[in-house]
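Engineer: Quick one: the structure is below, and I'll ask about it shortly.
The values are calculated or read from the model by the stated rules, or taken from the named source; none is laboratory data. Since the model is a prediction, treat every value here as computed from it, not as a measurement. Methodologically, a virtual Cβ is constructed for each residue, glycine included, from the backbone with ideal geometry; neighbour enumeration extends over all protein chains shown.
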Amino acid sequence: MSLQKMLEYQKIDSKIYRLEKEYNELEEKKEFNKYQGYYKEKAKSVIIGQKEFENIVEKLNGLLVKAKELNVNKFDLSIESNNAFENEEDFDNYEKKLKKYQTELNAINETSNELQKKLSDLSQSNKQILNKLRQSQELASKFFGVIQQKKKKMQEQAKPEILKRDAIKAEIDEDIFKIYEERRNHHIFPVFMPYNEPNCGACGIDVKAEISEKFNSQTFVECPHCRRLLYKI
Ligand SMILES: [Zn+2]
């Protein structure tokens with residue numbers, strides 16, 4: 001009978017399932033995911049930092065252009081071009097120009113200092129981020145190595161059981177097997193459980209009213225609460 005073979009299959013498969021579960025729940029996997037996530041997060045900050053950096057450099061270049069323009073106009077302030085103050089008004093104008101020049105120069109200096117300070121802060125924080133990035137990358141790869149080793153070990157342990165299990169696969173009804181695989185993939189395991197009338201053998205809920213009639217036409221019936229497939233002993 002196919003269900004019998006299915007149960008036999010499940011019994012061997014449960015050993016494999018346990019090994020897979022142990023592997024999937026490895027602490028190292030959680031650690032690996034943590035550091036990998038951290039790495040991705042920090043990598044984003046580096047990109048943001050890079051954009052900020054470019055932004056500041058662009059502003060500094062703008063200042064440089066302004067400073068050059070100011071320098072060109074400086075000629076107007078030289079004594080040579082202002083040596084003939086015809087009257088007091090001329091002198092007033094000269095003074096105004098000089099003041100304007102100084103104000104603009106001061107503003108450029110001030111902004112330039114601010115930007116350079118920002119650049120230096122940014123470079124400092126980028127250094128820290130890159131450091132953390134490197135640390136999380138190292139940790140992630142360390143855990144990855146451990147995971148790979150444990151995976152290999154798990155596969156070695158599971159191999160003889162897989163061979164045993166797969167040897168009887170051909171004797172199982174395809175439709176039943178499909179249902180089994182679908183539930184197993186969703187971690188509803190063991191898939192087949194005995195029906196301890198009136199209770200589900202897996203979740204323990206009294207399901208008699210819901211399923212007992214179905215047993216008249218089916219060998220196994222799904223528990224409406226835990227989705228396991230119940231069979232009568
Ligand atoms: Zn149940």
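Engineer: Just checking, how many residues over the stretch 1-44 are within 25 Å of Pro194 (Cα to Cα) and not in a helix (DSSP H, G or I)?
Structural biologist: Qualifying residue count, the stretch 1-44: 1.
Engineer: Hey, another quick one. Provide a single number: the residues in the stretch 41-63 that are loosely packed, with under 12 Cβ neighbours inside 10 Å and farther than 16 Å from Asp121 by Cβ.
Structural biologist: Within the stretch 41-63, residues that are loosely packed, with under 12 Cβ neighbours inside 10 Å and farther than 16 Å from Asp121 by Cβ number 4.
Engineer: If you go through the stretch 82-135, how many residues are among the charged types (D, E, K, R), farther than 29 Å from Glu69 by Cβ and without any contact (Cβ under 8 Å) to a residue 40 or more places away in the chain?
Structural biologist: 3
Engineer: What are the pairs, 6+ residues apart or on separate chains, where a residue within the stretch 213-233 that is farther than 15 Å from Ile188 by Cβ and of a type in the set (Lys, Arg) has its Cβ under 8 Å from a residue that is more than 10 Å from the ligand (Cβ to nearest atom) and part of a strand (DSSP E or B)?
Structural biologist: Lys214/Val221; Lys232/Pro194
Engineer: Would you pick out the residues in the stretch 110-128 that are surrounded by fewer than 16 Cβ atoms within 10 Å (Cβ to Cβ) and over 16 Å from Lys59 (Cβ atoms)?
Structural biologist: Listed by number, the residues that qualify are Gln124, Ser125, Lys127, Gln128.
Engineer: Quick check on Phe189: is it surrounded by fewer than 16 Cβ atoms within 10 Å (Cβ to Cβ), within 16 Å of the ligand (Cβ to nearest atom) and either of a type in the set (Phe, Trp, Tyr) or modelled with pLDDT under 95 (or both)?
Structural biologist: no
Engineer: Let me ask another. Against the condition out of contact with any Pro (no Cβ under 7 Å at 6 or more places or on another chain), modelled with pLDDT under 90 and not hydroxyl-bearing (Ser, Thr, Tyr), how does Glu88 come out, does it pass?
Structural biologist: So Glu88 passes the test.
Engineer: Moving on to the next point. Working only within the stretch 221-233, note down all residues that are more than 10 Å from the ligand (Cβ to nearest atom) and outside any strand (DSSP E or B).
Structural biologist: Residues satisfying the conditions are Lys232, Ile233.
Table: residues versus (1) within 16 Å of the ligand (Cβ to nearest atom); (2) modelled with pLDDT under 95; (3) surrounded by 13 or more Cβ atoms within 10 Å (Cβ to Cβ).
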| site | (1), (2), (3) |
| --- | --- |
| Gln135 | no, yes, yes |
| Val146 | no, no, yes |
| Lys153 | no, no, no |
| Glu161 | no, no, yes |
| Ala167 | no, no, no |
| Asn199 | yes, no, yes |
| Val207 | yes, no, yes |
| Thr219 | no, yes, yes |
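Engineer: How about the stretch 6-51: which of its residues are among the charged types (D, E, K, R) and under 20 Å from Lys159 (Cα atoms)?
Structural biologist: Scanning the stretch 6-51 gives Glu8, Lys11, Asp13, Lys15, Arg18, Glu20, Lys21, Glu22, Glu25.
Engineer: Name the residues in the stretch 1-34 that are under 20 Å from Ser141 (Cβ atoms) and among the aliphatic types (A, V, I, L, M), would you?
Structural biologist: Correct list: Leu26 only.
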